[in-house]
Amino acid sequence: MNSRRKQTAAMIRFFLLGGIHPDTENYKDVLKRVQSLGLKGIKLHPEYQHTDFDDIRYLRIIDYAEGLGLITVVHAGFDVSFPGSRHSHTEKILNVLEKVNPQRLVLAHMGGYNMWEDVKKYIAGADVYLDTAFSFGKKQMAGLLDERSFIDLARTHGIKRILFATDSPWGEQKEMAEFVQNCALTEQEKEDILYKNASRLLHPS
């Protein structure tokens with residue numbers, strides 16, 4: 001391994017998230033355990049867990065996690081594996097924002113996979129983070145954002161609250177990083193999206 005690779009390897013760090021099911025009765029104990037292990041937060045998936053995002057069981061988990069300083073990442077929008085399901089659609093997200101007002105909530109897929117017009121209309125500008133996971137790409141699968149639409153949504157919401165993500169293996173890291181690096185954003189905006197925003201979220205002052 002040459003010196004450059006050694007330097008790069010030394011800089012790489014992994015930050016893990018915990019998982020929790022909404023039926024977990026001792027959710028407070030589980031979340032305290034997540035925090036005690038040094039994990040940065042939790043991941044929820046309303047579609048896989050067959051629960052509406054604004055269900056009281058999720059609300060209490062998100063609220064308690066917030067109090068512990070944990071990040072909550074949640075799948076948002078459609079899921080191709082569950083056609084017709086609406087567990088994590090815009091109206092559910094808005095209910096969570098109104099009832100819990102979480103400050104460390106990350107909505108995957110730019111706020112809602114394949115429902116970005118609703119995201120732009122109802123969620124953009126809210127005090128939440130959107131991540132870029134499987135929301136754009138060179139392959140431009142049906143429903144993915146093109147460069148212009150991505151930039152418009154990112155700026156409408158606020159660049160400082162956009163986090164780079166890929167949803168690997170559905171989105172390839174190299175391809176999606178190049179999409180951001182080569183699109184018509186300013187260099188400062190690219191840096192914010194690719195790593196600075198995440199650094200601020202993971203390491204609050």
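The values are calculated or read from the model by the stated rules, or taken from the named source; none is laboratory data. Keep in mind that this is a model prediction, so the values were computed, not measured. Neighbour counts are summed over all protein chains in view; Cβ atoms, including those assigned to glycine, are modelled from backbone coordinates with ideal geometry. When the accessible area is computed, the model is the full protein with side chains, heavy atoms only, and any ligands, DNA or RNA have been set aside. Shrake-Rupley method; radii C 1.70, N 1.55, O 1.52, S 1.80 Å.
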* Take the Cα of Gln103, step 7 Å along the line toward its Cβ, and report every residue of region 33-63 whose backbone nitrogen sits under 17 Å from that point. => 41, 62-63
* Asked: Can you give the alpha-carbon Rg of region 118-205 over 2.2 N^0.38 Å, where N counts its residues?
  -> 1.03
* Asked: Once the Cα gyration tensor of region 49-146 is diagonalised, what are the square roots of 5 times its eigenvalues, in whole Å and ordered largest first, as equivalent ellipsoid semi-axes?
  -> 23, 14, 12
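Carbon and sulfur atoms: what percent of the 1.4 Å accessible area of the chain do they account for?
Whole-percent figure for carbon plus sulfur exposure: 50.
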* **Dipole of the chain, positive end: most advanced residue of Val73, Pro204, His89 [Cβ charges, Cα centre]** => Pro204
* Structure fact -> At R0 = 41 Å the Cβ-Cβ FRET efficiency linking Arg57 and Glu187, nearest 0.05, sits at 0.40
* Just how large is the dipole of the chain about the Cα centre, in debye to the nearest 20, putting +1 at every Lys and Arg Cβ and -1 at every Asp and Glu Cβ? -> 860 debye
* Note down the magnitude of the dipole of region 98-162 about its Cα centre, charges +1 on Lys and Arg C-beta and -1 on Asp and Glu C-beta and zero elsewhere, to the nearest 20 debye. => 160 debye
* Could you bin all the Cα-Cα distances of the chain into 5 Å bins starting at 0 and give me the percent of pairs in each, rounded to whole numbers? => 1, 7, 15, 19, 19, 17, 11, 6, 3, 1, 0
* To do: Quick one: go through region 155-181 and flag any residue whose amide nitrogen is under 20 Å from the point 7 Å out along the Cα-to-Cβ line of Lys43.
  => 162-177
* Which of the chymotrypsin sites (Phe, Trp or Tyr not before Pro) found in region 129-205 are loop residues per DSSP with 16 or fewer other Cβ atoms within 10 Å of their Cβ? -> Trp170
* Give the peptides 59-70, 104-115 in descending order of average Cβ contacts within 10 Å, highest first. => 104-115, 59-70
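With a 1.4 Å probe and all protein chains left in place, how much accessible area per residue does the chain have, in Å²?
Values: 11060 Å² over 205 residues.
Dividing the accessible area of the chain by its residue count gives 54 Å².
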* Roughly what would the spin-label model give for Glu178 and Asn95, points 7 Å off Cα along C-beta, in nm? -> 4.3 nm
* Asked: Hey, how many Å between the Cα centroid of region 114-166 and the Cα centroid of region 48-77?
  -> 21 Å
* Structure fact -> With the charge dipole of region 74-205 built from beta-carbon charges (+1 for Lys and Arg, -1 for Asp and Glu) about the Cα centre, the Cα from Val106, Gly143, Phe179 projecting farthest to the positive end belongs to Val106
* Taking a threshold of 21 Å on the Cα-Cα distance, which of the pairs Lys92/Lys121; Lys43/Lys99; Lys40/Lys196; Lys92/Lys174; Lys120/Lys196; Lys92/Lys160 fall above it? -> Lys92/Lys174; Lys120/Lys196; Lys92/Lys160
